[in-house]
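Asks: One structure coming up, written as structure tokens, with questions to follow.
The values are calculated or read from the model by the stated rules, or taken from the named source; none is laboratory data. None of these values were measured; they are calculated from a predicted model. Note: ideal-geometry Cβ built from the backbone for every residue, glycine included; neighbour counts use all protein chains shown. The area values use the complete protein model at the heavy-atom level, side chains included, leaving out ligands, DNA and RNA. Shrake-Rupley method; radii C 1.70, N 1.55, O 1.52, S 1.80 Å.
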Amino acid sequence: MKNTLVIVTHPKLGSSKINKRWIEELKKHEDHIIVHNLHATYPNLEIDVKEEQRLLESVDKVILQFPFYWFNCPPFLKKWIDDVLAHGWAYGKNSGYKLAGKKVALAVTAGIKEEDYRATGRYDYTLEELTRPFETTFKYVKADYKPLYAFYGEEHSPTQDDIDTNAKKYIDFIENL
């Protein structure tokens, strides 16, 4: 049974080193991990909300995988959240709270180095602090939000060994949620 859904949202996946490598590693575990590329599934950006909700209901764990740029998620992921986590399905009076108890986490690729994401760093905030709206959203719908997984420093030319090691650790992260 596939118990993990990885929702990949990357508007320029073809030029991504890290996200592409993560997907390669995820596909080695297709017996229990579903890789769901939103841009490939919905090239016209029109989301099939019922299908997305069905997918979410069919798994125990959900990972949102995306590049972190301009200190946020890609706009299509925000649209997905707005459309799919609908009132009456994900939250609200007399709601089914369909994500209640499901483990949810983020897998984020950041161009900036990890030391820049610190209170004493270049940008004053950690990646965890900057992604707090996701944590709040998933707590609001009663999901079991877990700490994020990240690759830092993509724009600083990581080695292939760094990328490969990180991809294997990504699988361990998912397995141990």
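Asks: Condition check: modelled with pLDDT under 95, assigned to a helix (DSSP H, G or I) and either under 14 Å from the mean Cα position of the chain (by Cα) or over 30 Å from LYS28 (Cβ atoms) (or both). Does GLU115 satisfy that?
Replies: For GLU115, the condition - modelled with pLDDT under 95, assigned to a helix (DSSP H, G or I) and either under 14 Å from the mean Cα position of the chain (by Cα) or over 30 Å from LYS28 (Cβ atoms) (or both) - is met.
Asks: Then there's this: Going through the range 63-78 one residue at a time, which ones are buried (at least 16 other Cβ atoms within 10 Å of the Cβ) and not in a strand (DSSP E or B)?
Replies: CYS73, PRO74, PHE76, LEU77, listed by residue number.
Asks: Just checking, how many residues over the range 85-103 are on the phi > 0 side of the Ramachandran plot, free of Cβ contacts under 8 Å to residues at least 40 places away in the same chain and open to solvent by 20 Å² or more (accessible area, probe 1.4 Å)?
Replies: 2
Asks: Still on this model: Against the condition open to solvent by 20 Å² or more (accessible area, probe 1.4 Å), over 17 Å from the mean Cα position of the chain (by Cα), modelled with pLDDT of 95 or more and more than 17 Å from PHE134 (Cβ to Cβ), how does GLU24 come out, does it pass?
Replies: No: the conditions fail for GLU24.
Asks: Also: Mind checking which residues of the range 123-167 are within 25 Å of HIS87 (Cα to Cα) and of a type in the set (Asp, Glu)?
Replies: GLU135, ASP144
Asks: While we're here: Out of the residues in the range 110-157 that are of a type in the set (Gly, Ala, Ser) and in contact with a strand residue (DSSP E or B) (Cβ under 9 Å, 6 or more places away or on another chain), which is surrounded by the most Cβ atoms within 10 Å (Cβ to Cβ)?
Replies: First, pick out the residues of the range 110-157 that are of a type in the set (Gly, Ala, Ser): 110-111, 119, 121, 143, 150, 153, 157.
Okay, now just the ones that are also in contact with a strand residue (DSSP E or B) (Cβ under 9 Å, 6 or more places away or on another chain), so 110-111, 143, 150, 153.
Working: ALA110: 21, GLY111: 15, ALA143: 23, ALA150: 21, GLY153: 18.
Ranking the qualifying residues of the range 110-157, first place goes to ALA143.
Asks: Name the residue, out of ASP82, ASP60, ASP161, that is open to solvent by 20 Å² or more (accessible area, probe 1.4 Å) and over 24 Å from ILE23 (Cβ atoms).
Replies: When all the criteria are applied, what remains is ASP82.
Asks: Restricting attention to helices (runs of 4 or more DSSP H) lying wholly within the range 121-177, give those where 1 or more residues are among the polar types (S, T, N, Q) and out of contact with any helix residue (DSSP H, G or I) (no Cβ under 7 Å at 6 or more places or on another chain).
Replies: Where helices (runs of 4 or more DSSP H) fall fully within the range 121-177 and carry at least 1 residues being among the polar types (S, T, N, Q) and out of contact with any helix residue (DSSP H, G or I) (no Cβ under 7 Å at 6 or more places or on another chain), they are 132-140, 160-175.
Asks: In this structure, is GLU52 in a helix (DSSP H, G or I) and without any contact (Cβ under 8 Å) to a residue 24 or more places away in the chain?
Replies: no
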